[in-house]
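Here is the structure we will look at, set down as structure tokens.
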Amino acid sequence: MIDLAAERLQIVAGAAREMSQIIDWGYSHESTLTFVSNHYQLTERQRGLLARSVSGEKAAVRRTSKLVEIGNLRRGMGLIDGFNLIVALEVALSGSPLLRGQDSSIRDLAGMRGTYRIIHETPRAVGLVLDVLGSLGDVRAEVLFDEPVSNSGRLVALFNRTARERGLNVHARTCAQVDKALFGRPLVVSSDSLVLDRCKSWINLAAACLERVPDPWIVDLFES
């Protein structure tokens with residue numbers, strides 16, 4: 001974890017501010033990431049921090065303008081990117097670091113790949129989501145899990161069983177392409193950049209869940 005030590009994070013934070021400025025000049029995210037990372041001689045892990053934290057100020061403003069309070073779930077159906085949320089909470093519950101992006105979203109460092117397995121923290125993560133949703137009263141939500149990802153069916157079953165036990169109007173199912181299912185929709189829960197750019201409104205449910213996790217490790221390169 002030496003490359004996430006405080007003194008190194010100050011350097012990475014400086015790189016993040018420079019990267020944001022260059023992106024806002026019109027350069028691509030990928031080319032700017034390569035240029036800034038090489039200039040600051042960042043490790044692969046630190047490059048990952050930049051890649052998943054920095055959007056550019058203009059994009060961040062556009063995304064946060066669509067961020068709405070969690071209480072809005074009482075007035076409409078919430079659509080949740082299941083793996084996106086659960087993996088982040090598993091990371092937090094295991095004591096590993098999460099990122100708060102320039103756009104205020106909460107992300108894990110690695111991002112979702114094509115494989116997934118249920119771990120010790122998974123039931124706790126599911127319970128945490130349902131705790132927060134249940135605290136809002138009578139809400140409706142659908143949790144979508146990418147069908148091609150391994151063990152998605154098992155996670156759907158765990159979610160639905162736990163929601164039924166708590167008497168909540170929350171239903172999980174698999175979906176061929178979760179991100180596209182969220183495009184153009186209101187009240188979505190995701191930290192996926194494309195989803196945040198293309199949804200009508202989004203809710204930072206991960207942040208609400210983390211308020212119930214003791215001392216979560218959150219790296220914020222744009223913290224003032």
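Listed residues ARG161, ARG212; which is over 13 Å from LEU144 (Cβ atoms) and assigned to a helix (DSSP H, G or I)? Step through it out loud before you land on a result.
Values: ARG212 fails: assigned to a helix (DSSP H, G or I).
That would be ARG161, the only listed residue that is over 13 Å from LEU144 (Cβ atoms) and assigned to a helix (DSSP H, G or I).
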Fill in: Residue among LEU89, LEU128, LEU99 that is outside any helix (DSSP H, G or I) and either of a type in the set (Ser, Thr, Tyr) or under 17 Å from the mean Cα position of the chain (by Cα) (or both)
LEU99
Item to complete: Output yes when any residue across region 60-74 is assigned by TED's automatic domain parsing to the domain that holds SER135, among the small types (Gly, Ala, Ser) and in contact (Cβ under 8 Å) with a residue 24 or more places away in the chain, and no when none is.
Response: yes
Worksheet item: Among (1) among the hydrophobic types (A, V, I, L, M, F, W, C); (2) surrounded by 15 or more Cβ atoms within 10 Å (Cβ to Cβ); (3) at pLDDT below 95, where does ALA110 come up short?
Response: (2)
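Within region 17-32, which residues are of a type outside the set (Ser, Thr, Tyr) and surrounded by fewer than 21 Cβ atoms within 10 Å (Cβ to Cβ)?
Start the filter on region 17-32 by keeping residues that are of a type outside the set (Ser, Thr, Tyr), which leaves 17-19, 21-26, 29-30.
Matches in region 17-32: ARG17, GLU18, GLN21, ILE22, ASP24, TRP25, GLY26, HIS29, GLU30.
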Worksheet item: So which of ASP131, ASP138, ASP179, ASP146 ends up being touching a Leu at 6+ places or on another chain (Cβ under 8 Å) and among the acidic types (Asp, Glu)?
Response: ASP179
Practice prompt. Out of SER105, SER96, report the one residue that is under 30 Å from GLY153 (Cβ atoms) and modelled with pLDDT under 95.
Written response: SER96
Worksheet item: Restricting attention to region 147-170, does a residue exist that is surrounded by 14 or more Cβ atoms within 10 Å (Cβ to Cβ), more than 20 Å from GLY71 (Cβ to Cβ) and under 16 Å from the mean Cα position of the chain (by Cα)?
Response: no
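Which of the residues belonging to region 181-210 are among the charged types (D, E, K, R) and within 17 Å of ALA59 (Cα to Cα)?
Keep residues of region 181-210 that are among the charged types (D, E, K, R), which gives 185, 192, 197-198, 200.
If the condition is that a residue be among the charged types (D, E, K, R) and within 17 Å of ALA59 (Cα to Cα), then ASP192, ASP197, ARG198, LYS200 are the ones that fit.
Given the criteria touching a Cys at 6+ places or on another chain (Cβ under 6 Å) and of a type in the set (A, V, I, L, M, F, W, C), does LEU144 qualify? Step through it out loud before you land on a result.
Numbers: touching a Cys at 6+ places or on another chain (Cβ under 6 Å): yes; of a type in the set (A, V, I, L, M, F, W, C): yes.
Yes.
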Practice prompt. Out of the residues in region 113-125 that are assigned to a loop (DSSP other than H, G, I, E, B) and of a type in the set (Val, Ile, Thr), state the one that is surrounded by the most Cβ atoms within 10 Å (Cβ to Cβ).
Written response: ILE118
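The values are calculated or read from the model by the stated rules, or taken from the named source; none is laboratory data. Every value quoted in this text rests on a predicted model; they were computed, and no experiment measured them. Virtual Cβ from ideal backbone geometry, glycine too; neighbours counted across all protein chains shown.
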